[in-house]
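K.L.:
Input: one structure, supplied below.
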Amino acid sequence: MPPRRKPAAAPRKPSYFPDENIAERWNARHLLGHTEFDEFRFVSCDFGGADLRKLRFTDCLFEHCNLSTAQLAGTALQNVAFADCKLLGLQFTACRDMLFGVHFDQCQLRYASFAGRVMPNTRFVGCQLDEADLADADLSGAVFDDCQLAGAVFQNTRLVGADFRTATGFVIDPEGNTITGAHFTLAGLLGVVSRYQLVVE
């Protein structure tokens, strides 16, 4: 019997940005004429509703930015971190598959869609994921640290080894998702067995 392969480790968050690649208070107009952004740090930028289609971001960091409802069809997010950003309704499912990798800290991700995305070991820290669509995604080894997941959709989602110990509000059907080795607190298990209408005292 061949040995089990360990899941690929998540890439390290980008931390190096040349001085000329610090973009502060940009809006959609500043993106015109660009197709690729490597090692860029975007600070307090407003890209709400912006057309980011087919742009490529590699080893980039967005801090205190608004990207709510931006268009991501064919956008490449390759090891991109978001910190304290508004990402309401973003369709990450439309992003390019190749080398897709993201990190989230203290982000608003309500109504965002990750449906069908392969993103093992992704970390969500202090994020609001209410009503987010996580159906058909591979989130093996993902960490939902202090995240709110009320109304989030888990359907045919791969959650092997995922960590929900400090997450709240989630409802996960163990028959409709793969949760082998996932981590829950005793209180959090109520979100897993709720469909069975059990009385836990």
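Bear in mind that the values in this text are calculations on the coordinates, not laboratory data. Keep in mind it's a predicted model, so treat the numbers as computed, not measured. Neighbour counts run over all protein chains shown; Cβ positions are idealised from the backbone, glycine included.
K.L.:
Grab the other residues whose beta carbon is less than 13 angstrom from that of residue 157, score K and R as +1, D and E as -1, and report the net. Working shown, then result.
P.N.:
Working: positive: 117, 158; negative: 133, 136, 138, 173, 175.
With Lys, Arg at +1 and Asp, Glu at -1, the neighbours total -3.
K.L.:
If the chain between residue 183 and residue 97 were fully stretched, how many nm would it gain, using 0.36 nm times the residue separation less the Cα-Cα distance?
P.N.:
Working: separation 86, 0.36 × 86 = 30.96 nm, distance 2.74 nm.
Going from the current span to full extension adds 28.2 nm.
K.L.:
Separate question: For residue 38, what charge total do you get from the other residues with a beta carbon under 10 Å from its beta carbon, if Lys and Arg give +1 and Asp and Glu give -1?
P.N.:
Within the 10 Å Cβ shell, the charges total -2.
K.L.:
Taking the Cα centroid of the stretch 144-163 and of the stretch 54-82, what is the distance between the two, rounded to the nearest whole Å?
P.N.:
If you average the Cα positions of each part, the centres end up 22 Å apart.
K.L.:
Let me ask something additional. Between residue 46 and residue 22, what is the FRET efficiency for a Förster distance of 25 Å, r being their Cβ-Cβ separation, to the nearest 0.05? Don't jump to the answer; show the numbers that get you there.
P.N.:
Values: r = 16 Å, r/R0 = 0.65.
The pair residue 46/residue 22 has a calculated efficiency of 0.95.
K.L.:
Could you sort the peptides 168-181, 12-25 by per-residue average Cβ neighbour count (10 Å cutoff), highest mean leading? Could the numbers behind the result be given before it?
P.N.:
On the way: 168-181: 15.9, 12-25: 12.4.
Going by the mean number of other Cβ atoms within 10 Å, highest first, we get 168-181, 12-25.
K.L.:
Please give the calculated 222 nm ellipticity per residue for the chain, where each DSSP H segment of at least 4 residues contributes -39500 (n - 2.57) and the sum is spread over every residue; nearest 500 deg cm²/dmol?
P.N.:
Values: 1 runs with 4 residues, N = 201.
One gets -500 deg cm²/dmol as the mean residue ellipticity at 222 nm.
K.L.:
With 10 angstrom as the radius, rank 54, 86 by how many other C-beta atoms surround their C-beta, starting from the fewest.
P.N.:
Values: 54 13, 86 20.
Fewest to most other Cβ atoms nearby, the residues stand as 54, 86.
K.L.:
Relative contact order (percent) for the chain, with alpha-carbon contacts under 8 angstrom and 6 or more residues of separation? Don't skip to the answer; put the middle values down first.
P.N.:
On the way: 584 pairs, mean separation 22.7, N = 201.
Rounded, it is 11 percent for the chain.
K.L.:
Only Cα pairs under 8 Å and at least 6 apart count here; give the relative contact order of the stretch 52-171 as a rounded whole percent.
P.N.:
Numbers: 387 pairs, mean separation 20.5, N = 120.
Taking the mean separation of contacting Cα pairs over the length of the stretch 52-171, I get 17 percent.
K.L.:
Tell me, what is the percent relative contact order of the stretch 109-201, built from C-alpha pairs under 8 Å that lie six or more residues apart? Walk me through the numbers on the way to the answer.
P.N.:
On the way: 252 pairs, mean separation 20.1, N = 93.
Relative contact order, the stretch 109-201: 22 percent.
K.L.:
What does the net charge come to around residue 94 if you take all other residues with beta carbon closer than 15 Å to its beta carbon, with K and R at +1 and D and E at -1? Mind showing how you got there, number by number?
P.N.:
Details: positive: 53, 54, 56, 96, 117; negative: 51, 97, 133, 136.
Residues close to residue 94 contribute a combined charge of +1.
K.L.:
Right, something else. Work from the charge dipole of the chain (Cβ charges, +1 for Lys and Arg, -1 for Asp and Glu, about the Cα centre) and give the residue of 48, 160, 77 farthest towards its positive end.
P.N.:
Positive-most Cα among the choices belongs to 160.
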